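Asker: Please find one structure pasted underneath; my questions will follow.
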Amino acid sequence: MSERLVAEARADDFAGAVEVLTAAFFDDPLMQWLFDDDSRRIEQLRVWWSWLVRNRAPHVAVLTTDDDRSAAIWHGPDPIEHTSAEDFVAMLADLLGADVARRKLEAMRVIPEAHPTGRHWYLAAIGTRPEHQGKGSAQRVMAEPLARCDAEGVPAYLESSNPRNVTFYERLGFVAIGEIHVPTGPTLVPMWREPRRG
């Protein structure tokens with residue numbers, strides 16, 4: 001099965017990626033902390049992922065498998081200036097209330113602060129529908145970007161917000177490089193992958 005670059009497809013195709021990520025992240029520790037009302041989380045996640053996908057910067061690609069089982073958001077190694085921070089804050093305030101959104105955004109500042117500064121590909125998010133997890137689907141939205149990393153000699157970086165995913169990333173060549181403790185929230189595992197040669 002082939003991968004589909006949603007950023008270059010019909011606008012309708014974004015709905016598939018949003019639904020995949022919404023389902024995949026329902027029990028993610030970071031998303032459970034951010035959206036802590038179980039009864040509202042699905043709709044909050046749907047708004048969150050829809051906003052992130054539709055307001056992505058030009059260097060950000062959304063990949064989804066052709067069967068809509070897995071999706072990923074990849075940031076290319078050459079960031080393009082993109083300003084939408086105020087709109088993002090407004091979106092989160094609508095979901096959580098202004099005070100809660102402000103507190104949680106302040107706590108999450110540790111995540112971008114830990115981000116490496118050197119040139120690299122960044123896996124911002126990857127998810128598989130729960131009923132298809134553990135069957136190799138996620139690897140399909142990893143293969144092309146990692147092959148480019150290897151061909152171009154560029155590292156890759158991610159933060160694993162779910163401990164059960166660490167071994168999956170390790171099999172693809174990522175190595176844990178520490179921990180990121182979100183105040184009042186979960187601990188993330190930042191991971192780095194050197195390009196493979198030959």
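The values are calculated or read from the model by the stated rules, or taken from the named source; none is laboratory data. The structure presented is a predicted model; accordingly, all values stated were derived computationally and were not measured. FYI the Cβ positions are ideal-geometry reconstructions off the backbone, even for glycines, and counts take in every protein chain you see.
Asker: Can you say whether ALA93 is in a strand (DSSP E or B) and surrounded by fewer than 17 Cβ atoms within 10 Å (Cβ to Cβ), as far as the supplied structure shows?
Answerer: Details: in a strand (DSSP E or B): no; surrounded by fewer than 17 Cβ atoms within 10 Å (Cβ to Cβ): yes.
Criteria not met by ALA93.
Asker: State which residue is nearest to LEU63 (Cα to Cα) when the search covers only the range 143-167 and only residues that are surrounded by fewer than 18 Cβ atoms within 10 Å (Cβ to Cβ) and of a type in the set (A, V, I, L, M, F, W, C).
Answerer: For the range 143-167, the residue satisfying everything is ALA143.
Asker: All but one of (1) within 22 Å of ILE42 (Cβ to Cβ); (2) surrounded by 20 or more Cβ atoms within 10 Å (Cβ to Cβ) hold for PRO130; state the number of the condition that does not hold.
Answerer: Here PRO130 clears every test but (2).
Asker: Taking the range 133-142 as the region of interest, how many residues are among the small types (Gly, Ala, Ser) and either closer than 18 Å to PRO195 by Cβ or buried (at least 22 other Cβ atoms within 10 Å of the Cβ) (or both)? Before you say what the answer is, go through the steps one by one.
Answerer: Going residue by residue through the range 133-142, those that are among the small types (Gly, Ala, Ser) are 134, 136-138.
Applying the additional criterion that residues be either closer than 18 Å to PRO195 by Cβ or buried (at least 22 other Cβ atoms within 10 Å of the Cβ) (or both) yields 138.
Adding up the residues that qualify gives 1.
Asker: Still on this structure: Name the residues in the range 111-129 that are out of contact with any His (no Cβ under 8 Å at 6 or more places or on another chain), of a type in the set (Ser, Thr, Tyr) and in contact (Cβ under 8 Å) with a residue 12 or more places away in the chain, would you?
Answerer: Residue satisfying the conditions is THR128 alone.
Asker: Something else: Select from the range 71-90 the residues that are in a loop (DSSP other than H, G, I, E, B) and out of contact with any Lys or Arg (no Cβ under 7 Å at 6 or more places or on another chain) and write down the one among them that is modelled with the highest pLDDT. Even if it seems obvious, please write down each step before you answer.
Answerer: So in the range 71-90, the residues in a loop (DSSP other than H, G, I, E, B) come out as 76-84.
Still in the running and out of contact with any Lys or Arg (no Cβ under 7 Å at 6 or more places or on another chain): 76, 78-84.
Details: GLY76: 94, ASP78: 89, PRO79: 83, ILE80: 80, GLU81: 74, HIS82: 69, THR83: 63, SER84: 71.
Across the range 71-90, the extreme among qualifying residues is GLY76.
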